[in-house]
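Each remark here refers to the structure printed beneath this line.
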Amino acid sequence: MKCPPFDYHRATGVADAVATLDAAGDEGKILAGGQSLVPVLALRMARPAVLVDINHVPGLSSLEVRGDTLHLGALVRHLTLAEQDQHPLLAEAARWIGHTAIRSRGTVAGSLAHADPSAELPSVLLACDGAVQVAGPGATRRVGAADLFVGALQTDLGDAEMITEVELPVPDGWGFSEFARRHGDFAVVSAVATRFGDRIRVVIGGVAGVPHLVSPPDSTPDLLTVSGAVQDDRVAEIADAAARGVEPASDLHGSADHRRALTREVVRRAVAQLAGTPTSDRTPVPA
Amino acid sequence: MTTTSPAPEPTASGTAVRRKEDARLLTGRGRYVSDLTLPRMRHVAFVRSPLAHAHITSVDVSEALETDGVSAVFTGDHPALASVSLRAQSGLPGYVETDQPPLARGKVRFAGEAVAAVVADDRYHAEDGAEGVDVEYEPLSPQVCAWASPEEITDPVHDEAPDNVLLSRTFRAGDVEAALAEAAVVVDREVTTNRHGGNPIECRAGVARYEIADRKLTFWSGTQVPYIVRTQLAGLLDLPEGNIRVIAPDVGGGFGVKAVLYPEDVALCLMAMAMPGVALKWVEDRVEHLLSATHAREHRYVLRAGFAADGELLAVKADAWCNAGAYSVYPWTAGIEPLMAGGLLTGPYKLAHYECTVRGVTTNTSPSGPYRGVARPSTVFAMEALMDSGARALEMDPIALRRRNLILPADIPYTMPSRLVDDSGAYEACLDQALETFGLEGWRAEQQRRRAGGGKPLGIGIGIYNELTGLGRAASAGPRMAFRTGHDACTVRINPDGAVTVFSGVTSQGQGLETTMAQVVADALGVTYDAVEVRIGDTDESLWGFGAFSSRQAVIGGGAAHLAGEHVRGKALALAAALKEAPVEDLDLRGGEVYMAGQAKSIISLAEVARVAYLQSDRLPEGFEPGLEGTKFYDPIRGAFAAGVQLGALEFDPATGEIGILSWVCVEDAGRIVHPVIVDGQIAGSIAQGIGGAMYEHLVYDEAGNLTTGTLLDYLMPTSGEIPELTIGHVSTPAANPTGVRGVGEGGTLAPNAVVAGAVADALGVEVDDLPVTPASVWTLLQGVTP
Ligand SMILES: Cc1cc2nc3c(=O)[nH]c(=O)nc-3n(C[C@H](O)[C@H](O)[C@H](O)COP(=O)(O)OP(=O)(O)OC[C@H]3O[C@@H](n4cnc5c(N)ncnc54)[C@H](O)[C@@H]3O)c2cc1C
């Protein structure tokens, strides 16, 4: 479990990182927190010729709300995500990532770029309809969550492209639920529910190669709560529909049927939590 | 003249003295094999077979040899290794002896078997070189299941055993068929237990260096058994035993995995002999460990039991298969698990009619070896499953049924149907205390409340067990091997300054043996705990010890320490008596001072006595030799049984299968307790490992013999987050050995399988036949009961 040989380049800026990656063709890799990449290297499942360390690139650790959106520099660590209070859903989700040691190094962009189908942050990005800012050899571009994730561990990013910033709209209401085998494990199945105005989005992790978006067709939030009380049967309907809509695979940690049952339950919990979230003053929900 | 004697010195035993090793281990100053750096040291990486069963048709090392930093590549056919085989021996009739090469020769028998070894400047280069070794294989049909029908075996693992059975033995007592015929109820169970392993934090590690001028080999090894390693190496390497020095420095956990001499160890030593003067280091990584260190506990039991109407257990009939893996583990043999299973299946229950056939079956999987609790986590699960089935069939309370059958103090010594002699009888005392601590009535009420009110189903599970510890020559661990592991030695040396150095044959992998030995010697000798220093783990320093396994060291090593301490105390008092012209029978040694009966003031210090013994021979009385030390062996002849009971209350989420542990109680009989915190630590750690095996840890092979749980991402070990608050209680009935202790290292692992599976059955009314119990398995079981 030792990495194969590679050249190491400590990038001084975004342009330097991109230029180095560009020169390396498909042989370069960004090193951020290293919490996914280093194990992959140690297992010799990837053997990039050049590692471009972006940890010393200035200006990638900012965190600020502009308008209704939280803007995060690529290097913001999971620990910071868990501790901030501008985006409570993000904070909750980040607390489910690994253990303290992992959270103190892992980065928001690293998790999105790694695109593990069971990871928390890709689901949150999709549930918030967020996007990433990407620097490349040509111009910079903005990639929406729906386009970013292409398959398990696969993104739309080119070999010399780098995420510089993550844009995460702050939802008006949210719910998060995860089923994992142990504390700190990747999810077996997880669900993120968000409400923006009267639109509800539910994203399920762990059931497909990419986070799975379910948008309950007629699920306006006023149907979820009546006089402030959560409508359990309405929540159950959404959960049942979500479970019917997934085609999970079987693996060591659960059969397809079990995953479907888990889907129903985590969606139920997430949507129930969403429905129970006090509504913000900006989008009052009719009683 | 004063007549008041001073208050007796407090004894070191029985108190939670500061652990001797903590200053080192808790401040990052431990000295492990991987910390060792020697001049001209090189590093080794093994090339491992990707296939479970195949002929090796060719090995091309040319590219590896050209790799940067690589200095040598060894294969199984290298002259240094080609004639050496590890051969686990047993005198049991019908046992099939087989060879295990240090590096595969001609054929590979499991995925992960070492085929070649690359020596390089560092481990990175060694792994680069390993990638350059080109091995061609011709696949054979693999067999991963130990209970496959013989027709399914097309290519036997070893030619010597066409049916893959390396060992089979039937235990018999009474007349099982007749007893079953008379039973009021007969119950049948078929259970399997999950393969898992010890997984110490420190994986295997070794450094070997050979000096050609004096033909001396030094082997630093993270082993639990340095003396066994030395003896076995002497034979395998054809060196005089005195020319081999095995050093086990600090070792980061063992759990039995490191009580084995591995082919990699032997290969490392042979390669070092082929490269004299060059120290070779191999530090195993986790991937190698999961793949190729010994596994354990993959068993199947087909069981039948008969009970009388009043609940008396009349007969047990059992067939057991233990997956021995690809090789008969060295030197313990493929008998280690099956023989323990057959010998202890009936546990703490009285039984006259017993028939049990056990088999050790070789397969194309990593070899099985000793793992904390050897076989008994599986047998306790099997036996308690029978008890629960019996209780259901008789409509009897499951705890009352167990109580009806327990071996009681009046039955002691009790000869089990396997002819092992139980000296404990503390089962009922443990059960009573455990039930009270647990609050059974309260949990039963909560269970009813939930059944009526619709809360998560709650179940109560129980496991009652006996741990056979500190085995002497009459009950020695292992199946009729060429050595009997009943004794250990200890040397107690008073230094010229009066302080004490103990050279003990015990070894420690974190369980505080330096502390325990110091406590025992301090009390036996009559010095303070702080005056005693303990040396362990170096075969050139201490005389002899078999090492850490079978919960033996506190009993046997502790017994030797006690005897040696007493012996040297006698010597010191004799010398003091002669020096002071006092009658020796009136003298007492306490806290390093010699007292005369009835006097409060010491008449001479141990330091003064020692000074005379070493430095002032002019003062030595007639008939006294210089020096002040002594060595004693101890063998308890039989063993000490340690009773234990665990109870758990668990809840199950019907929607997900999630398992919540609400309460866990363990009451054990550790005999006289030397160090309360160490004892509780052993119990807590072993319960945690037991829970790991019951609910998380599972080494899974696919049909082709690939390990699908090759990293800790898929092989789930419990973290502190998964282990509930444990309530531990003690019933201390001293054993008949010098210190009164019973072994405590393994017992905790024995019950969790039974507790967790029993709780599922109790909560959901379904029988659990297969382990581990996971959310997925609970959920699947629930689909059968709730339409
Ligand atoms: C024991 C353990 C448990 C874990 N548990 C969880 C868990 O429960 N949930 C979870 O979500 N994750 C978990 N992780 C992974 C963790 O979240 C990682 O931090 C994350 O997946 C990757 O982030 P990183 O900054 O460490 O990226 P790195 O490991 O440095 O890189 C990961 C990949 O992203 C690329 N990359 C990194 N930064 C950028 C960028 N700015 N632009 C483009 N590409 C980039 C790299 O080239 C590489 O391909 C766990 C990790 C460990 C070791």
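Every number in this text was worked out from the coordinates using simple rules, so none of it is lab data. Worth saying up front: this structure is predicted, and the values here are computed from it rather than measured. Cβ sites come from the backbone with ideal geometry, for glycine too, and all protein chains shown count toward neighbours.
Annotation: for a label point projected 7 angstrom from Cα along Cα→Cβ of A:Ala249, residues of the range B:702-716 with backbone N closer than 18 Å are B:702-704, B:706-711, B:713-715. So how much slack lies between B:Asp214 and B:Glu622, counting 0.36 nm per residue of separation and subtracting their Cα-Cα distance, in nm? Value of the extension gain: 142.7 nm. Name the shape class, rounded, prolate or oblate, that the alpha-carbon gyration tensor gives for the range A:7-53, where a ≥ b ≥ c are the square roots of its eigenvalues, rounded holds for a/c under 1.5, and otherwise prolate holds if a/b is larger than b/c and oblate otherwise. Oblate, since a/c reaches 1.5 and b/c is not below a/b.
Stretched out straight at 0.36 nm per residue, the stretch from B:Ala308 to B:Glu182 would grow longer than its current Cα-Cα span by 44.6 nm. Kindly identify chain B as rounded, prolate or oblate by the Cα gyration tensor criterion: order the square roots of the eigenvalues as a ≥ b ≥ c, call it rounded if a/c is under 1.5, otherwise compare a/b with b/c, prolate if a/b is larger, else oblate. Since a/c reaches 1.5 but b/c is at least a/b, the shape of chain B is classed as oblate. In this simple spin-label model, placing a label point 7 Å from the Cα along the Cα-to-Cβ direction at both A:Gln231 and A:Tyr8 gives a separation of 5.9 nm.
Summing Cβ point charges (Lys, Arg +1; Asp, Glu -1) relative to the Cα centre of the range B:303-425 gives a dipole of roughly 220 debye.
Sorted fewest first by neighbouring Cβ atoms within 10 angstrom, A:Ser111, B:Ser221 come out as A:Ser111, B:Ser221. Seen against the Cα atoms of chain A and their longest principal axis, helix A:232-244 is set at about 40 degrees.
Each Cα pair under 8 Å and six or more residues apart adds its sequence gap; the mean of these over the residue count of chain B is a relative contact order of 16 percent. What the Cβ-Cβ distance of B:Thr501 and B:Ala393 gives, at R0 = 41 Å and to the nearest 0.05, is a FRET efficiency of 0.10. Proximity of backbone amide H atoms, modeled 1.01 Å from N, is registered between A:Arg199 and no other residue at under 5 Å, excluding neighbours fewer than 5 places apart on the same chain. On full extension, the segment bounded by A:Ala146 and A:Arg66 gains 26.6 nm, given 0.36 nm per residue less the C-alpha separation. Here's the picture: charge each Lys and Arg Cβ at +1 and each Asp and Glu Cβ at -1 in chain B, and of B:Gly570, B:Ile691, B:Thr346 the one pushed furthest to the positive end of that dipole is B:Gly570. With neighbours defined as other Cβ atoms within 10 Å of a residue's Cβ, the residues A:Thr20, B:Thr727 order from fewest to most as B:Thr727, A:Thr20. Here the range B:94-160 is assigned +1 on the Cβ of each Lys and Arg and -1 on the Cβ of each Asp and Glu. Its dipole about the Cα centre then comes out at about 160 debye. Note on B:Asp99 and A:Ala23: their simple-model spin labels are 5.6 nm apart, each label 7 Å out from Cα toward Cβ. With K and R counted +1 and D and E -1, the other residues having a Cβ less than 13 Å from that of B:Pro348 yield a net charge of -3.
Its relative contact order, with pairs defined as Cα atoms under 8 Å and 6+ residues apart, puts the range B:257-343 at 25 percent.
Could you tell me which of A:Leu126, A:Ala115, A:Gly144 has its Cα farthest along the dipole of the range A:63-169 towards the positive end, charges placed at Cβ (Lys, Arg +1; Asp, Glu -1), taken about the Cα centre? Farthest along the dipole direction, towards plus: A:Ala115. The relative contact order of the range A:173-274 comes to 33 percent, based on Cα pairs under 8 Å that sit 6 or more residues apart. For the protein assembly as shown, the Cβ-based charge dipole about the Cα centre amounts to some 1700 debye (Lys, Arg positive; Asp, Glu negative; other atoms uncharged).
The order of B:Lys281, B:Lys107, going from fewest to most other C-beta atoms within 10 Å of their C-beta, is B:Lys107, B:Lys281. Judged by the mean number of other Cβ atoms found within 10 Å, the most tightly packed of the peptides A:59-71, B:349-361 leads the ranking B:349-361, A:59-71.
When the label point is put 7 Å from the Cα of B:Glu131 along its Cα-to-beta-carbon vector, which residues of the range A:46-62 have a backbone N closer than 16 Å? Correct set: A:46-51.
Derived scalar couplings between HN and Hα for the range B:84-96 equal 9, 9, 8, 9, 6, 10, 8, x, 5, x, x, 5, 9 Hz in order, rounded to whole Hz, by the Karplus curve 6.51 cos²θ - 1.76 cosθ + 1.60 (θ = phi - 60°), x for Gly and Pro. Suppose R0 equals 45 Å; then what is the FRET efficiency for A:Arg182 and B:Ser605 from their Cβ-Cβ distance, rounded to the nearest 0.05? Approximately 0.20, to the nearest 0.05.
When the square roots of the Cα gyration tensor eigenvalues are ordered a ≥ b ≥ c, the ratio a/c for the protein assembly as shown is 1.5 or more and a/b exceeds b/c, which makes its shape prolate. With the charge dipole of chain B set up from +1 on Lys and Arg Cβ and -1 on Asp and Glu Cβ about the Cα centre, the Cα lying farthest toward the positive end among the listed residues B:Ser389, B:Ala429, B:Ala761 is that of B:Ala429. On the basis of the beta-carbon distance and an R0 of 35 Å, B:Asp586 and B:Ile412 show a calculated FRET efficiency of 0.35. Note on B:Glu241 and B:Arg451: the model spin-label points, each 7 Å out from Cα along the C-beta direction, lie 6.2 nm apart.
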